[in-house]
Protein chains: 2
Amino acid sequence: MEGSDYYKRSSYEVEGAESKEMGKAVSMSAYDLVMRVLAFVLTLSAAIVIAADKQTKVIPIQLSDSLPPLYVPLTAKWNQMSAILYFLVTNAIACTYGALSLVVALVNRGKSKGLWTLMTVLDAIMVALLFSGNGAAAAVGVLGYKGNSHVNWKKVCNVFDKFCGQMAVSIGVSLIGSLAFLLLVVIPVVRLHRRA
Amino acid sequence: MEGSDYYKRSSYEVEGAESKEMGKAVSMSAYDLVMRVLAFVLTLSAAIVIAADKQTKVIPIQLSDSLPPLYVPLTAKWNQMSAILYFLVTNAIACTYGALSLVVALVNRGKSKGLWTLMTVLDAIMVALLFSGNGAAAAVGVLGYKGNSHVNWKKVCNVFDKFCGQMAVSIGVSLIGSLAFLLLVVIPVVRLHRRA
């Protein structure tokens, strides 16, 4: 296969320490691939869970004391709040990048140093992007569960319980995916420093 | 001085390329220090701006149609919303770490590789922490400016205009500080890869 041929010309090779460096490259590559698969699967799952999150409830609305309440069906969905939309977009970007970087990592296998550096930089940008999305979604989630008396925003999760529960799961899964991206940034730094 | 003695034994030295590597270590250190000062000053400023953010307004509240409105003084402050509290805490942690890491970087100056690695890992954690705080504050900021009709959360920034403006400035400053931390993580990776 062409891949193994490329592999022999890996930039990780150092003259006189070929086999040792080769072993390091293999373990680094395997770790990298596992983390990338994890990051991809988790952010994809988070995006699917929040995109599929929808709950319709029939709410009684009292228009006047003399009249019986009016029953109105209300639906909660991700596109109704910009923070949840942003959370979905960040996870969609991260899982798309995760898939692409996985393909690049498989094809590249440490061949191009420049490509690997670019990927670590993009990994770091994904950490920033994902954590901002998690923060935004968690902030409106807390408001949904608890409300805020100072600004008179009433809690809504007592009504849309299934919607809020599914959103909480999505945030949790996205958070683990974000940690996978964080590890993708951190562990190579630790390894490179050790070898520098 | 002991420091310069240690410096000669710096782990960045490579036999036969001493002066070149030394130059790189110096430039890396200078860049690192400037970025750390920036990250510290910006996150400290963001924390101070949000902590000092307070606005009191006298709001007319109509209790009944037949009675004149009741004028109630209402105060907006950072401790009234968990997302803003979290934003303040993340910036406080980041600026404290920024100050400590600046001292360590000044004392260390590339002497201990392990310490430098630890600092890069902590820098990456600060990126995650700060961006989650920025995301949370921005999410409630958008709700404050626009409100949300689906959950009947009314906008409040038309009343607490000065509070919201100051909060927006704080988020902007914190975002630039977060980018400084992101650069602290990314640029050494780029440099190390180039030298690996």
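The values are calculated or read from the model by the stated rules, or taken from the named source; none is laboratory data. Fair warning: this is a prediction, and the values are worked out from it, not measured in the lab. Counting neighbours? That spans all protein chains shown, and the Cβs are built from the backbone with ideal geometry, glycine included. Please note that ligands, DNA and RNA were not included when accessible areas were found on the heavy atoms of the full protein model with its side chains. Shrake-Rupley method; radii C 1.70, N 1.55, O 1.52, S 1.80 Å.
Quick one: buried accessible area between A and B, total over both chains, 1.4 angstrom probe, nearest 100 Å²?
Using a 1.4 Å probe on protein heavy atoms, the buried area is about 3400 Å².
Would you work out the charge dipole size for segment A:36-195 about its Cα centre, treating the Cβ of every Lys and Arg as +1 and the Cβ of every Asp and Glu as -1, and quote it to the nearest 20 debye?
So the dipole magnitude of segment A:36-195 works out to roughly 660 debye.
Principal axis extents for segment A:36-195, Cα atoms only, whole Å, descending order, please.
Result for segment A:36-195: principal-axis Cα extents of 78, 30, 18 Å.
Give the relative contact order (percent, whole number) for segment A:36-195; include only Cα pairs under 8 Å separated by 6+ residues.
Across segment A:36-195, relative contact order equals 34 percent.
Only sites in a loop by DSSP and with at most 11 other Cβ atoms within 10 Å count here; which chymotrypsin sites (Phe, Trp or Tyr not before Pro) in segment B:65-96 make the cut?
The qualifying sites: there are none.
Taking a point 7 Å out from Cα toward Cβ as the label site, list the nm distances between B:Ser64 and the same residue in every other copy, smallest first.
Spacings between copies for this position, smallest first, are 2.1 nm.
Quick one: how many Å² of A:Arg191 are accessible to a 1.4 Å probe, rounded to 10?
Rounded to the nearest 10, that gives 70 Å².
Any chance you could look up the accessible area of B:Trp153 with a 1.4 Å probe, heavy atoms only, rounded to 10 Å²?
So the heavy atoms of B:Trp153 present about 10 Å² to solvent.
Please list, in chain and number order, the residues 5+ apart from B:Ile59 or on another chain whose amide H is under 5 Å from its amide H, with Hs placed from the backbone.
Distant-sequence amide H within range of B:Ile59: B:Val72, B:Leu74.
Post the alpha-carbon centroid distance, segment B:136-196 to segment A:158-191, in whole angstrom.
Each part reduced to its Cα centre gives a spacing of 19 Å.
Going 7 Å from Cα along the Cα-Cβ axis for the label, what nanometre distances separate B:Val107 from the same residue across the other copies?
4.9
HN-Hα J couplings of segment A:36-51 from phi, Karplus 6.51/-1.76/1.60, θ = phi - 60°, integer Hz, Gly and Pro as x?
5, 4, 4, 4, 5, 4, 5, 5, 5, 4, 4, 5, 5, 4, 6, 5
Measuring from a point 7 Å out along Cα→Cβ, what nm distances, shortest first, does B:Tyr31 have to its partners in the other copies?
In ascending order, 2.3 nm.
Determine which chain B residue has its Cβ at minimum distance from the rotation axis mapping B onto A, giving the value in whole Å.
Smallest Cβ distance to the axis, with its residue: B:Gly135, 1.
For each pair in A:Lys57/A:Lys77; A:Lys155/B:Lys155; A:Lys111/B:Lys113; A:Lys57/B:Lys146, compute the distance between the two Cα atoms and list the pairs where it is over 18 Å.
The answer is A:Lys111/B:Lys113; A:Lys57/B:Lys146.
For a protection proxy built on the mean count of beta-carbon atoms within 10 angstrom, sort A:139-147, B:53-61, A:61-69 highest first, please.
A:139-147, B:53-61, A:61-69
Only protein chains counted, 1.4 angstrom probe. Which residues of segment A:154-196 are at least 50 Å² less accessible in the assembly than when their chain is isolated?
When all protein chains are present, A:Val189, A:Leu192, A:His193, A:Ala196 each give up 50 Å² or more of accessible surface.
Keeping every protein chain in place, order B:Thr96, A:Thr75 by accessible area at 1.4 Å, biggest value first, i.e. largest first.
B:Thr96, A:Thr75
Please give the residues from segment B:105-134 for which the solvent-accessible area of heavy atoms, probe 1.4 Å, is smaller by at least 10 Å² with all protein chains in place than with the chain isolated.
Buried by the other chains: B:Lys113, B:Trp116, B:Thr117, B:Thr120, B:Val121, B:Ala124, B:Ile125, B:Val127, B:Ala128, B:Phe131, B:Ser132.
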